[in-house]
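To start, the structure itself, in structure tokens.
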Amino acid sequence: MTSPSAPAVRENGTGTPLVLLHAFPLSARMWEAQLERVPGPAGDDARVVAPDQFGFGADPLDDRPHSLDDAADRIAALLDRLGLERAVLGGLSMGGYVVMAFARRHPERLAGLVLADTRATVDTEAGRNNRERIATAVLAAGSVDLLIEEGTAENLLAPGADPELVDAVRRMIAEADPVAVARAQRAMAARPDSLDDLAALEVPAAVIVGELDTITPLAEARMMAEALGDAELTVIPAVGHLSSLEAPETFNAAVRALLKRVKQYGV
Ligand code: MLT
């Protein structure tokens with residue numbers, strides 16, 4: 001078996017390693033505000049690393065198995081490449097699913113975790129069917145126009161979100177390759193329930209959710225926070241699913257508070 005390739009990354013800062021995993025159907029570009037500000041004024045509170053995954057952004061569209069487990073193993077390969085034994089892993093939505101796969105496969109390499117606007121539970125059958133519908137349609141069309149037409153950008157954000165932010169998200173979606181979209185949809189449809197895996201962890205966690213997130217709502221965030229041994233739940237008022245983009249300051253404050261707790265654990 002060949003070892004998995006490590007994905008392309010954006011990186012900033014020095015200090016506690018924090019790997020941030022992007023949402024569907026975006027790229028590591030969604031973490032600009034975290035890359036810039038989570039390391040703090042002197043830039044030495046955190047080494048923030050944000051990889052592209054599933055063929056989004058600069059991640060090559062090669063013929064890997066395209067599962068969440070493969071994505072998690074590629075993060076382990078990335079830690080190897082960066083010379084890191086352990087890191088804090090954070091993921092928003094699809095990124096959170098990869099964090100949970102990593103927690104299942106490489107728990108000893110986790111120093112802490114951020115689960116933002118994501119869920120540990122599985123899809124409904126209707127949800128899985130809808131993912132397959134999207135995967136088949138974008139591959140047949142050779143285009144992701146369907147996602148734009150179905151209002152994906154608007155659904156990811158709170159009602160009445162800043163039109164500039166809606167445009168920025170729409171542009172990021174338009175850059176996605178249909179193969180990456182199909183691959184990610186099928187990988188997400190196959191994910192298992194992760195609540196028991198979260199309960200087995202012994203590291204600190206931050207669970208963050210936009211109050212108006214309808215894709216992975218507050219009830220899901222509460223379930224994850226209750227399953228985890230040491231989690232702080234932050235509900236960000238008046239924002240939707242992309243809380244890191246809609247309220248970067250509050251989001252970053254929750255992440256920085258977690259990094260302090262990780263240091264207290266002596267990691
Ligand atoms: C995401 O934001 O990554 C997606 O909405 C996740 C999903 O489709 O379950």
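Summary table below
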item	result
Of all residues making up segment 227-267, the number that are in a helix (DSSP H, G or I) and more than 16 Å from the ligand (Cβ to nearest atom)	17
Meets criteria (under 23 Å from ARG64 (Cβ atoms) and surrounded by fewer than 14 Cβ atoms within 10 Å (Cβ to Cβ)) for THR214	no
In segment 195-222, the residues that are within 13 Å of the ligand (Cβ to nearest atom) and either in contact (Cβ under 8 Å) with a residue 40 or more places away in the chain or in contact with a strand residue (DSSP E or B) (Cβ under 7 Å, 6 or more places away or on another chain) (or both)	VAL209, GLY210, ASP213, THR214, ILE215, THR216, GLU220
Some residue of segment 155-172 being surrounded by fewer than 16 Cβ atoms within 10 Å (Cβ to Cβ), touching a Lys or Arg at 6+ places or on another chain (Cβ under 9 Å) and among the charged types (D, E, K, R)	no
Test set (1) under 30 Å from HIS66 (Cα atoms); (2) open to solvent by less than 30 Å² (accessible area, probe 1.4 Å) - ALA247 fails condition number	(1)
Residue identified as open to solvent by less than 50 Å² (accessible area, probe 1.4 Å), within 14 Å of the ligand (Cβ to nearest atom) and not in a helix (DSSP H, G or I) among ARG183, ARG191	ARG191
Only one of ASP73, ASP80 that is within 16 Å of ARG191 (Cβ to Cβ), out of contact with any Leu (no Cβ under 7 Å at 6 or more places or on another chain) and open to solvent by 10 Å² or more (accessible area, probe 1.4 Å)	ASP73
Unmet criterion (only one of (1) assigned to a loop (DSSP other than H, G, I, E, B); (2) open to solvent by 10 Å² or more (accessible area, probe 1.4 Å); (3) within 27 Å of VAL239 (Cα to Cα)) for PHE56	(2)
Lone qualifier among GLU32, GLU36, GLU11, GLU85 - being in a loop (DSSP other than H, G, I, E, B), more than 15 Å from the ligand (Cβ to nearest atom) and surrounded by fewer than 17 Cβ atoms within 10 Å (Cβ to Cβ)	GLU85
Test result for ARG47, of a type in the set (D, E, K, R), open to solvent by 20 Å² or more (accessible area, probe 1.4 Å), away from the ligand (no atom under 16 Å from the Cβ) and assigned to a strand (DSSP E or B)	yes
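The values are calculated or read from the model by the stated rules, or taken from the named source; none is laboratory data. Owing to the predicted nature of the structure, the values given are computational and were not obtained by experimental measurement. All Cβ positions, even for glycine, are placed from backbone atoms using ideal geometry, and neighbour counts span all protein chains on display. Areas reflect the complete protein model, heavy atoms only, side chains present, ligands, DNA and RNA absent. Shrake-Rupley method; radii C 1.70, N 1.55, O 1.52, S 1.80 Å.
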